[in-house]
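Asker: Before we start, here is the structure in question, set down as structure tokens.
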Amino acid sequence: YEKNAVIHWNKDLAQNALRTYIADNVTIDSIKGENASLDEVTTSLSLPRVVTDENGSKRMWSLISWESSDENVIGIDASSQSTADTRFDPYIGTVRRSVEDKTVTLTAVFSFQYAGYDEPEISFTKSFDVTVKGMGEELKNEMQRQLNNNYTAEKFTYIGSKQPIDPEAVINDVQLLIPKNTGIEGYNDYSFKVDCDSEYAFVNAY
């Protein structure tokens, strides 16, 4: 007489293995990329999907996913894993700097891959606080330079005719520039607003 039995993994031991063999190998130095530390980040981070052992073999029994507390500052980009040969390459922690310093929490979720289909998920988490360095006056000066060089009256046209206007003799409604037509680099990173201080004209959308 034979009877099959399903023996689940010991969750505590599995989580301890995740911490000891996987999470402890994901460190500040292993994710900081070209940055000197996580306290003054200015460029992309390298966020592993798997870790390797001392022989360079991937420890596939645990896959790592990443979460960002503010994806507008640090996004999790999986574009580097788009082929069969690269699907276990690191995620890219894409950095978007603003005027002021911003602190973001990155959380690595280590998932145990040997758990059965009818077994509760076994995982372990580890978090890193990352400070993305603000650009301050550097950013303001760059924004002003781009506006001065790209958002110019020579690009304005009349609505309907699309003919260029003469800034010294405007005779009809003017089509203002939508962001993608300004020529400003990274226009999606900015919001645009146009004001008018004349009693003879007003701004209505673009």
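The values are calculated or read from the model by the stated rules, or taken from the named source; none is laboratory data. Small disclaimer: the values here were computed from a predicted structure and weren't measured. Positions of Cβ are backbone-derived with ideal geometry, glycine not excepted, and every protein chain shown enters the neighbour counts. Keep in mind that these areas ignore ligands, DNA and RNA; they rest on the heavy atoms of the full protein, side chains included. Shrake-Rupley method; radii C 1.70, N 1.55, O 1.52, S 1.80 Å.
Asker: Would you check which residues across the stretch 81-97 are under 13 Å from the mean Cα position of the chain (by Cα) and either surrounded by fewer than 11 Cβ atoms within 10 Å (Cβ to Cβ) or at pLDDT below 95 (or both) and list them?
Answerer: Correct list: 96, 97.
Asker: Please pick out the residue among 149, 188, 141 that is touching a helix residue (DSSP H, G or I) at 6+ places or on another chain (Cβ under 9 Å) and not in a loop (DSSP other than H, G, I, E, B).
Answerer: 188
Asker: Please find, among 195, 173, the residue that is in contact with a strand residue (DSSP E or B) (Cβ under 8 Å, 6 or more places away or on another chain) and modelled with pLDDT under 95.
Answerer: Only one candidate qualifies: 173.
Asker: Does the stretch 21-35 hold any residues that are open to solvent by 90 Å² or more (accessible area, probe 1.4 Å) and either in contact (Cβ under 8 Å) with a residue 24 or more places away in the chain or under 19 Å from the mean Cα position of the chain (by Cα) (or both), and which are they?
Answerer: 21, 34
Asker: Right, here's the next one. Quick one: is residue 69 touching a helix residue (DSSP H, G or I) at 6+ places or on another chain (Cβ under 9 Å), at pLDDT 95 or above and either closer than 30 Å to residue 119 by Cα or of a type in the set (S, T, N, Q) (or both)?
Answerer: Taking the combined requirement at face value, the residue does not satisfy it.
Asker: While we're looking at this one, here's another question. Being closer than 27 Å to residue 117 by Cα, modelled with pLDDT under 95 and not polar (S, T, N, Q) is the filter here; which residues of the stretch 24-57 pass it?
Answerer: 53
Asker: State which residue is most open to solvent (accessible area, probe 1.4 Å) when the search covers only the stretch 122-138 and only residues that are assigned to a loop (DSSP other than H, G, I, E, B) and at pLDDT 90 or above.
Answerer: Here the residue is 133.
Asker: Can you tell which of 109, 50 is part of a loop (DSSP other than H, G, I, E, B) and under 27 Å from residue 8 (Cβ atoms)?
Answerer: That would be 50, the only listed residue that is part of a loop (DSSP other than H, G, I, E, B) and under 27 Å from residue 8 (Cβ atoms).
Asker: Report the residue count in the stretch 1-20 for those that are out of contact with any strand residue (DSSP E or B) (no Cβ under 8 Å at 6 or more places or on another chain), open to solvent by 80 Å² or more (accessible area, probe 1.4 Å) and either within 18 Å of residue 64 (Cα to Cα) or part of a helix (DSSP H, G or I) (or both).
Answerer: 3
Asker: Let me ask something additional. With the structure loaded, tell me whether residue 70 is surrounded by fewer than 16 Cβ atoms within 10 Å (Cβ to Cβ), assigned to a strand (DSSP E or B) and charged (D, E, K, R) or whether it fails that test.
Answerer: Values: surrounded by fewer than 16 Cβ atoms within 10 Å (Cβ to Cβ): yes; assigned to a strand (DSSP E or B): no; charged (D, E, K, R): yes.
No.
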